[in-house]
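> To start, I am sharing the structure in question, which I have written as structure tokens.
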Amino acid sequence: MLTVISVMVWLYLQSHPTAIIADYVHHLYRFGLIVSPSFISRLFRRWSFSFKTPEYRMIYKYSWENLSYYFTYLVEISRIPQAHIHYLDEASYNPKDLRPPRIVGPVNQRQTATHSDPLDKVWNTTVYTSYSEDGSLPPVVVDIRQATNDSWSFLSFVIFLVNAGYLPPNHVLVIDNARVHIAAGILPILHSVLTAAQVRLILMPKYSPELSPAEFVHQLVKHYIRRHSGSHPLWQKIIMYHIVVTPQHMKNWYNHCLTISERPAFESRI
């Protein structure tokens, strides 16, 4: 009987690698086999197995179609002058995820920290990036709102960028495949706006945030917010730390994202 249970647990493990102990107990119960959670734990220890933090991968990212477009995109984008390429991307700032990870206090005493921002007040941003050696364009322009990131907010921001001269003629706008970017309701308008402005639109490969400098902007801003606590409300911190982004930051990120020889493994860093 033990051999039968072991085989069933092994087969279930192969088909359900994210299952928890209770799932194994329930699975065996369906076949009239009653075991305790501790039995499953002992069985794993006998196999020298333990629960680990997994490294998740997007399987659709590795489809032949997406990989083919990935390489085509890299070749095409590398031929465009960096100063002509602009990225747009969204981010959400949830106070629950941005609290400082550590505080200082006496040894062996529990420490309590207060938080000035309501935990249910989430801020959302759309970020524009640019790199120009002459400084003619800002490295970052940010649109911040409490409303959710939707397609109409995205479209409004693009129109603002065009009217403000941040998307000059013969430049390129690169976006990912998020629904807010390619929603059927705005796509014809988006194409019309960009065509009239003589701006070319390029879609990034799916599930590839490592190709966008805007993702590095999000990472840096959130890092500063977590590490630099203060009395400023969250929306002010978001604006303050976008200003921290320098042309040198953008130069490094553009080189990383646009230079084929520096391409990392096909893994998302976000």
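The values are calculated or read from the model by the stated rules, or taken from the named source; none is laboratory data. None of the values given here were measured: they were computed from a predicted structure. Neighbour counts are summed over all protein chains in view; Cβ atoms, including those assigned to glycine, are modelled from backbone coordinates with ideal geometry. Just so you know, the surface numbers come from the protein's heavy atoms only, side chains and all, with ligands and any DNA or RNA stripped out. Shrake-Rupley method; radii C 1.70, N 1.55, O 1.52, S 1.80 Å.
> Going down the list 222/251; 206/251; 121/206; 52/96, which pairs span over 27 Å between their C-alpha atoms?
Violating the 27 Å Cα-Cα cut-off are 121/206.
> State the percentage of accessible surface on the chain attributable to carbon and sulfur atoms; use a 1.4 Å probe and exclude ligands, DNA and RNA.
Solvent-exposed carbon and sulfur of the chain make up 57 percent of the total.
> Could you tell me the distance between the Cα centroids of the stretch 1-73 and the stretch 94-170, to the nearest Å?
What the calculation gives is 38 Å, centre to centre.
> So what's the back-of-envelope 222 nm ellipticity for the chain, counting only DSSP H runs of four-plus at -39500 (n - 2.57) apiece and dividing by all residues, rounded to 500?
-12500 deg cm²/dmol
> Please name whichever of 207, 230, 245 sits farthest to the positive end of the charge dipole of the chain, dipole taken about the Cα centre and charges placed at Cβ: Lys and Arg +1, Asp and Glu -1.
230
> So for the chain, taking the charge dipole from beta-carbon charges (+1 Lys/Arg, -1 Asp/Glu), which of 112, 125, 164 sits furthest toward the positive end?
Checking the options against the dipole of the chain, the answer is 112.
> May I ask which residue of 84, 20, 148 lies farthest towards the positive end of the charge dipole of the stretch 8-155, with charges of +1 (Lys, Arg) and -1 (Asp, Glu) on Cβ and the Cα centre as origin?
Selected residue: 20.
> Let me spell out the model: positive unit charges on the Cβ of Lys and Arg, negative unit charges on the Cβ of Asp and Glu, origin at the Cα centre of the stretch 14-61. What dipole size does that give, in debye rounded to 20?
The dipole of the stretch 14-61 has a size of about 140 debye.
> Next question, about the same structure. Roughly how big is the stretch 58-162's charge dipole about its Cα centre, with Cβ charges of +1 (Lys, Arg) and -1 (Asp, Glu), in debye to the nearest 20?
560 debye
> Same structure, new question: With the crude spin-label approximation of a point 7 Å out along Cα→Cβ, what separation in nm comes out for residue 219 versus residue 187?
In this crude label model, residue 219 to residue 187 measures out at 3.1 nm.
> Could you give the length gained by full extension between residue 108 and residue 206, i.e. 0.36 nm per residue of separation minus their alpha carbon distance, to one decimal place?
Extra length available between residue 108 and residue 206 comes to 30.5 nm.
> Same structure, new question: Return the inverse of the average 1/r over all pairs of distinct C-alpha atoms in the chain, which is the Kirkwood hydrodynamic radius, in Å to one decimal.
This gives a value of 22.2 Å.
> Ignoring ligands, DNA and RNA, what accessible area per residue does the chain give at 1.4 Å, in Å²?
Using a 1.4 Å probe on heavy atoms only, each residue of the chain averages 59 Å².
> Within the chain, what percent of beta bridges assigned by DSSP are antiparallel, to the nearest 5?
Taking every DSSP beta bridge with both residues in the chain, the antiparallel ones total about 65 percent.
> Can you pull the one-decimal nm distance between simple spin-label points at residue 147 and residue 231, each 7 Å off the Cα toward Cβ?
3.3 nm
> Rounded to the nearest 0.05, what FRET efficiency do residue 94 and residue 63 have when you use their Cβ-Cβ distance and R0 = 25 Å?
0.20
> Give the angle, between 0 and 90 degrees and rounded to the nearest 10, that separates the Cα long axis of helix 234-243 from the longest principal axis of the Cα atoms of the chain.
Helix 234-243 and the main axis of the chain meet at about 60 degrees.
> Given charges of +1 on the Cβ of Lys and Arg and -1 on the Cβ of Asp and Glu, with all other atoms neutral, how large is the dipole of the chain about its Cα centre, in debye to the nearest 20?
For this selection, approximately 1120 debye.
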